[in-house]
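Colleague: Next up is a structure, given as structure tokens.
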Amino acid sequence: MLTITDLAVKFPSRFGDFTAIEDVDMVIKPGEIHGLVGESGAGKSTVGAAVIGLLQSPGYIAHGSLTLGDTDLRTLTPEQAHAVRGDRISMIFQDPQTSLNPLMTIEDQLIETIQAHADVSTAAARQRAVDLLEEIGIKNAAERIKAYPHQFSGGMRQRVVIALAICTDPELIIADEPTTALDVAVQSQVLKLIQRLAKDRKIAFMLITHDIGVIAQVADRVTVMRKGRVMETGETAQVLGAPRHPYTRALMDAVPPLDYRIDRFRVPQEEGADFERSLGQKAEDWLLAGVQGAPTGLTLQNLYVRFAGPRTSLFRKPEPYVALNDVSLTVRPGSIMGLVGESGSGKSTLAKAITGLVKPSDGTMILGDEVLPGGKARDRHHPSRQLVQMVFQDPYSSLNSRHRIGAVLEEPLWFYGFVKDADQRKELAASMLALVGMQPDAIDKYPHQFSGGQRQRIAVARALLARPRFLICDEPTSALDVSIQAEILNLLKDLQAKFGLTILFISHNLTVVRQMADDTAVLRNGKIEEIGKTEDVYERPQAAYTKSLLALTPVMQRASFAVAAHD
Amino acid sequence: MIAFIKRYEGLWLFVHSPAAIVAAIVATLIILGAVFAPWLALVNPYDLASFSLFDGLLPPVWEEGANPRYLLGTDDQGRDMISSILYGARLSLVIGLSALTIAAVLGVGLGLAAGYYGGRFDAIVMRIADVQLALPAILTALLIDGIARGILPAAVQQDLRVAVLTLAIALSLWVNFARTARASTFVQMNKEYVQAAIMMGQRPSRIMFVHILPNILGPLLVIMTVDLASAILLEATLSFLGIGLPADSPSLGTLIRIGMQFLLSGEWWILWIPTLLLVALVVSINILGDFLRDVFNPRLR
């Protein structure tokens, strides 16, 4: 049993000590899965690191106590702590790609770990390793054990990581975002495995995640953290069903539901909402003045994109890799088209083809009533370069970190020749910041001074300053926390309604698309599996692939929790 | 003051790194001495009238038979050692810095373009770079020296010795810049801000120099300091071997070559003093380069 009392961790920095976590209390009983949920910067991983004694230098435990059974974890010498790690406490990391040694077979890694903690012969250790792999559901384990990590799929690799974690019979396993890097189908298998291990082996799990859906699915108890402090803790059903703390409630509200559509997300407190929205009036007028005629739609007909595949012979032409295979779709003017698919399905390639970054091998693209030339055939002054704008996935790389926000925002204004006067450009850019919900004085700062959500707002502002008619959003919220995601989605909905934009909304997240899109297309391996009105696709899916995607997406069981959450 | 230092991480790391502070002081002193050599030096070693053969081979002041006028002694021509090394360092730094500038402009320009355009242009530039790397700097210098002798009239050859040497050093250093700039540009090309600029239809030159260049300056600055040390060493090597500067306009390398003749005859200072200065200069520049690398690459810290 793990007991944490009044734990505080500090990181000394050149600005004095930074308190990462404070007043953290937690008890995890054997066989219990204790969910630790919170947004980025909440300090949830720091709790795990403090327990296992691997706090990143120069962080240190300022006060509080950590006990596992009868052992006080804080008084251990480094050698004793090393013995406890692996033996009594294990860890499962987020990325199975990097937590296994690629140069050692699974067998060697398991035997090494077993022998490091128990004095057994190699043959006995091998037998135990095989048994373990069978237990966690790897078939034909005696043979598969000789393989190297790269010969396993992502989900299988995470199973091997779990086998490594349980091979010493630990009392406690700390799982830090164990399913975040996995596709939904694999995620549900791994979660089931964790649940089974907790029950059969009486292992206590600390399950660290940002995903409330995962918590709802497997956790017995849950602790909600924010900014290094515990907001609320209790039985999962009680915390998610009747949240006592307003933050928990806000967090739950921000999670988009899969089974019905809501108009707007309720957002806890809008970042930087403490100023006059009227400052954005100027930008709004300017945008409306630029709206000529009806909204612009997009039609793709039999689009193919092929890339050169790996060369197999010096003399033979390499087989092409087909990224997009006969894709036809129509984005109706003024509507939002959602595009969903798992990683590698060709979603981003489609966006790149439309914007001219990738040349289609075949097919036609029609914007409004004009055919779009593909790739390099589209010259630098083609009107579509202004009409089509894009909001990218990663707000940390989509803004040039060496340019001030002002320079980033004014670029489209002078580049497209909208505003000749430098002062007016600056004024308009500042007003646009207000329109997307930011302080206008942000204009003199650099991107690194802002959070991910704020940067994404800036990216939206940049796209709007080109006076686009067609906006492509490529996973605009997948790098953001749920509450920030809710804000950005609200913003996009508002802007779309106000300025009659046509939007292609790309996401791997089915719940987000459900909330945003009028029509939805499901993409798999470069082919469209299903396309139709969003309600139809979600309520009455035709393709087997869509059905399985919908079934595997973890959702909070709103039905059982809803009563208290919406009072 | 402390608040000011805390604001900038680089400064904060600097005041906490004794090696970097010592290196910065040494490098600054040598550079200042070189810059103000005409005012600091006792005699002008290029001006035959300012020194006398009668003062030749005097040892430093702490040895017997020294003249207190010449603190670190004199060489066989009667030139004051302090004056010689100040002027020598001046020449070495001028050649090093100009060679570095040429190499950086050439290398960064080609590397950026290779990274941006990729494909055939990239392949051609990088193959040229590979060939360049296969040629030792001395061969490059000999080649350029030979060409210069062949095509230039004899009258200007002497005056152009410095230019020829600089060009030879620059040609053997640009590859470093090109490779680093190309690799960093590849990384930046995948960043979404570059894709956004390409999508907008901005001119390639603007994307390269306004968008990408400021983002790859960090590693390039590190190479600059390390390569400044290489450039100075290279110049010293070439001069030592006699391909570089002649004895009447001595750089540090030339001074060391002259000193070699006295190594076994008891006049050790003629060799040791310029050598020590060269070592101090190069080591301190290298330490500063290492420090800059740490500042720009937090993962190595």
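No value in this document is a laboratory result; all are computed from the given coordinates. Since this is a predicted model, take the numbers as computed values, not measurements. Quick reminder, even Gly has a Cβ in these numbers, built from the backbone with ideal geometry, and neighbours come from all protein chains shown.
Colleague: So how far apart, in nm, are the two label points at A:Tyr148 and B:Leu135 if each is 7 Å from Cα heading toward Cβ?
Modeller: Placing both labels 7 Å beyond Cα along the Cβ direction yields 4.1 nm.
Colleague: Against the longest principal axis of chain B, how steep is helix B:161-189, in degrees 0 to 90 to the nearest 10, with axes from Cα atoms?
Modeller: Around 30 degrees separate the two axes.
Colleague: Using just the helices of chain A, give the 222 nm mean residue ellipticity in deg cm²/dmol: DSSP H runs with n ≥ 4 each add -39,500 (n - 2.57), and the total is spread over all residues, rounded to 500.
Modeller: Per the formula, -11000 deg cm²/dmol.
Colleague: What net charge is computed for the residues neighbouring A:Arg144, neighbours being all others with C-beta under 15 Å from the C-beta of A:Arg144, Lys and Arg scored +1, Asp and Glu -1?
Modeller: Once all neighbours under 15 Å are counted, the net charge is -1.
Colleague: In addition: Given 0.36 nm per residue, what is the gain on full extension from A:Arg201 to A:Lys533 after removing their alpha carbon distance, in nm?
Modeller: Separation in residues times 0.36 nm, less the Cα-Cα distance, equals 114.8 nm.
Colleague: Which translational diffusion coefficient, to the nearest whole µm²/s, is obtained for segment A:295-353 from the Stokes-Einstein equation, given a Kirkwood hydrodynamic radius over C-alpha pairs, 4 °C and 1.567 mPa s?
Modeller: On the way: Rh = 13.4 Å.
After rounding, the answer is 97 µm²/s.
Colleague: Once you keep just the Cα pairs under 8 angstrom separated by 6 or more residues, what percentage relative contact order results for segment B:32-276?
Modeller: Here the relative contact order equals 23 percent.
Colleague: So, how do all the Cα-to-Cα distances of segment B:32-276 break down into 5 Å bins, in percent, from 0 on up?
Modeller: Over segment B:32-276, the share of Cα pairs per 5 Å bin runs 1, 6, 12, 14, 14, 12, 10, 9, 7, 5, 4, 3, 2, 1, 0, 0 percent.
Colleague: Evaluate E = 1/(1 + (r/R0)^6) for A:Arg332 and A:Thr364, where r is the Cβ-Cβ distance and R0 equals 25 Å; express this FRET efficiency to the nearest 0.05.
Modeller: 0.90
Colleague: Please build a GNM for chain B, connecting alpha carbons under 10 Å apart, and tell me which residue among B:Val156, B:Val61, B:Val282 fluctuates the most.
Modeller: With Cα springs under 10 Å in chain B, the top fluctuation among B:Val156, B:Val61, B:Val282 is at B:Val156.
Colleague: Same structure, new question: Using 1/(1 + (r/R0)^6) with R0 = 30 angstrom and r between the beta carbons of A:Arg266 and A:Thr67, what's the FRET efficiency to the nearest 0.05?
Modeller: 0.15
Colleague: Report the residue, chosen from B:Gly88, B:Gly115, B:Gly56, that carries the largest GNM mean-square fluctuation when chain B is represented by alpha-carbon nodes joined by springs under 10 Å.
Modeller: Looking only at B:Gly88, B:Gly115, B:Gly56, the largest GNM fluctuation is found for B:Gly56.
Colleague: So, one more: Which net charge results when you count Lys and Arg as +1 and Asp and Glu as -1 among the other residues whose beta-carbon is under 12 Å from that of A:Gln301?
Modeller: Net charge in that neighbourhood comes out at -2.
Colleague: Related question: Could you check the simple spin-label distance between A:Ala294 and A:Arg14, using points 7 Å along Cα→Cβ, in nm with one decimal?
Modeller: Taking the simple label geometry, A:Ala294 and A:Arg14 are separated by 6.0 nm.
Colleague: Provide A:Leu287, B:Leu13, B:Leu165, A:Leu133 in ascending order of the number of other Cβ atoms located within 10 Å of each residue's Cβ, fewest first.
Modeller: B:Leu13, A:Leu287, A:Leu133, B:Leu165
Colleague: Measure nothing but the geometry: give the 0 to 90° angle between the long axis through the Cα atoms of A:281-290 and the longest principal axis through the Cα atoms of chain A, rounded to 10°.
Modeller: Compared with the principal axis, the helix lies near 60 degrees.
Colleague: Among residues other than A:Gln238 whose Cβ falls under 10 Å from its Cβ, what is the net charge (Lys/Arg +1, Asp/Glu -1)?
Modeller: Details: positive: A:Arg221, A:Arg244; negative: A:Glu232, A:Glu235.
Within the 10 Å Cβ shell, the charges total 0.
Colleague: Here's another thing I want to ask about it. Calculate how many DSSP beta bridges within segment A:1-55 are antiparallel, expressed in % of all such bridges and rounded to the nearest 5. Don't skip to the answer; put the middle values down first.
Modeller: Working: 9 of 10 bridges.
Of the beta bridges lying entirely in segment A:1-55, close to 90 percent run antiparallel.
Colleague: Specify the residue with the greatest mean-square fluctuation among B:Leu40, B:Leu57, B:Leu277, computed from a Gaussian network of chain B linking alpha-carbon atoms under 10 Å apart.
Modeller: B:Leu40
Colleague: Which ³J(HN,Hα) values in Hz, rounded to whole numbers, follow from the phi angles of segment A:471-485 under the Karplus curve 6.51 cos²θ - 1.76 cosθ + 1.60, where θ = phi - 60° and Gly and Pro get x?
Modeller: Taking θ as phi minus 60°, the curve returns 10, 9, 10, 9, 6, x, 10, 6, 8, 10, 5, 4, 5, 5, 4 Hz for segment A:471-485.
Colleague: Now for a different question. Past the 11 angstrom mark, what percentage of all C-alpha to C-alpha distances in segment A:377-418 do you count?
Modeller: Cα-Cα pairs in segment A:377-418 separated by more than 11 Å: 73 percent.
Colleague: Turning to a different aspect of this structure: Give me a single rounded figure for B:185-195: the average over its residues of other chain Cβ atoms within 10 Å of their Cβ. List each step's numbers first, then the result.
Modeller: Working: counts 0, 0, 0, 2, 0, 1, 8, 13, 14, 3, 7.
Taking all residues of B:185-195 together, the mean is 4.
Colleague: Give the Cα extents of chain A along the principal axes, in whole Å, largest first.
Modeller: Largest first, chain A extends 77, 63, 47 Å along its Cα principal axes.
Colleague: How well do other chains shield peptide A:390-402, expressed as the mean number of their Cβ atoms within 10 Å of each residue Cβ?
Modeller: Going residue by residue through A:390-402 and averaging, the value is 5.
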